[in-house]
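Scroll down for the structure; my scribbles are underneath it.
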Amino acid sequence: MRDVVILGSTGSIGTQALDVVSSRRDQFNVVALTAGGSNLRLLAEQAHTFEPRFVGVPSDAAASELASMLTGTGIEVAGPGSNEYAAAMACDVVLNGITGAAGLLATLATLRAGTTLALANKESLVIGGRLVTDAAAPGQIVAVDSEHSAFAQALRAGRASEVRKLILTASGGPFRGRTRAELVGVTPEQALAHPTWTMGRVVTINSATLVNKGLELIEAALLYGVDYDDITVVVHPTSDVHSMVEYVDGSTIAQASPPDMRLPIALGLAWPDRVPGAASAYNWSVPRSWSFEPLDDDAFGAVVLARRAGKAGGTAPAVFNAANEVCVDSFCAGDLGFLGIVDTVAAVVDEHLAGGHVADADLSVEAVLDADAWARGRARQICEAV
């Protein structure tokens, strides 16, 4: 039996994680849940179903309302600081499914506690960089992103010294094949119509701009110690092959499965063991074909920009991520064009690298949070001036 903490339990990753847990109650026991507070009714239902010891939300007002919903259950309810508190609780694995930079402190709290971190919140690794990797013991971080879970599985096929490159697959999003000129006038509704995955708003928009693939590029380099120039992004529209590892002898090992996040989530919770029946396998009696194509860096410049920010290291990835989160909000509000998202992020990153950048050697939590705040403010200024 593994005791599990789930951060971001009402989001896409959190709800699917609880689906996995519900089918394996003899294997997983939920000891804590936290959520952003936008869906208290669902959080209360989850608490009644899984009976954790602790449930947390970000604000005192939300905590008070939630406590009234859980009267008589004996469940402890708390407000600000709940994510970090839950992350440090005694348990076997913490699933960090928080969206965005808000997950950093919880990631660090988990690592300090010595608990296995099932990491779906890629942003905390991206912005924390060496702060996170230096805090982690070998094998303490288990990736939950489907692509990075695929890397972890394929890397079992050989020694680290035998790896030539990582091949990171991208669906291409809803606008695959369009030129930059054809992306002018794209609407939020169109950008939210992902062809293969059902995800939260920010991740779905990031998949349309390919910013998500840029974040995953940085995450892969940090998690697996592979040079940025040895990570290739290829477009694979059906999202069947989740990523690949090429070895020095010319062999390429691919991890493939139908698009279903329950598989990498289950693997993250049970690592290094597999959970039987976590997701459906292919019916190989049905004909199918897979295709791969190069990424159009002119139409989708986010990966090139992320590679540059990742190589700069330090606070540059935090600026990349923070500026993007602001731009996504502005785009969804109708105040910024689709192409303006990556263009604005690029402008903010360029300005940061020209002055104010903190290198890896001097990186601190304070420096990361300062860079995050500056980038958000600068991005808002640019968006408001459009």
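Each reported figure results from applying straightforward, stated rules to the coordinates on display, with no laboratory input. Because the structure is a prediction, the values reported are computed rather than measured. Using ideal geometry, Cβ is built from the backbone for each residue, glycine included, and neighbour counts are taken over all protein chains shown.
In deg cm²/dmol, rounded to 500, what helix-only [θ] at 222 nm does the chain give when every DSSP H run of at least 4 residues adds -39500 (n - 2.57) and the total is split over its residues?
Values: 16 runs with 172 residues, N = 386.
The helix-only estimate for the chain comes to -13500 deg cm²/dmol at 222 nm.
The calculated FRET efficiency for Arg130 paired with Val286, based on their beta-carbon distance and R0 = 41 Å, is about 0.35. Would you be so kind as to identify which of Val55, Val30, Gly139 lies farthest towards the positive end of the dipole of the range 2-143, taking Lys and Arg as +1 and Asp and Glu as -1 on Cβ and the Cα centre as origin? Positive-most Cα among the choices belongs to Gly139.
Summary of the geometry: the range 1-54 and the range 199-251, compared by the centres of their Cα atoms, lie 28 Å apart.
What is the projected area of the convex hull of the Cα atoms of the chain, averaged over all directions, in nm²? Intermediate values should be presented prior to the final figure.
Values: hull surface 76.8 nm².
Quarter of the Cα hull surface area: 19.2 nm².
Gain on full extension, evaluated as 0.36 nm per residue between Gln381 and Met1 minus their Cα-Cα distance, stands at 131.8 nm.
Can you give me the convex hull volume of the Cα atoms of the range 2-143, divided per residue and expressed in Å³? The partial results should precede the final answer.
Working: hull volume 12.9 nm³, N = 142.
Each residue corresponds to 91 Å³ of Cα convex hull volume.
The average projected area of the range 60-167, computed from the convex hull of its Cα atoms over all directions, is 8.4 nm². Across the chain, the mean sequence separation of Cα contacts (distance under 8 Å, 6 or more residues apart), normalised by length, yields a relative contact order of 15 percent.
Expressed in nm to one decimal, what extension gain is obtained for the pair Ala157 and Arg53 from 0.36 nm per residue of sequence separation less their Cα-Cα distance?
Extending this stretch completely gives an extra 33.5 nm.
Spin-label model, Arg201/Thr15: points 7 Å from Cα along the beta carbon direction are separated by 1.5 nm.
With the Cα gyration tensor of the range 55-100 giving a ≥ b ≥ c as the square roots of its eigenvalues, does the rule (a/c under 1.5 for rounded; else a/b larger than b/c for prolate; else oblate) give rounded, prolate or oblate? Note, shape of the range 55-100 comes out oblate.
Diffusion coefficient of the range 313-386 by Stokes-Einstein, Kirkwood radius over Cα pairs, 37 °C, 0.692 mPa s: 272 µm²/s. Normalised by the number of residues in the range 201-282, the average gap of Cα pairs under 8 Å and 6 or more apart makes the relative contact order 16 percent.
At q = 0.11, 0.14 Å⁻¹ the log10 of I(q)/I(0) for the range 90-220 amounts to -0.46, -0.71, computed by Debye summation with a single uniform scatterer per C-alpha, solvent ignored.
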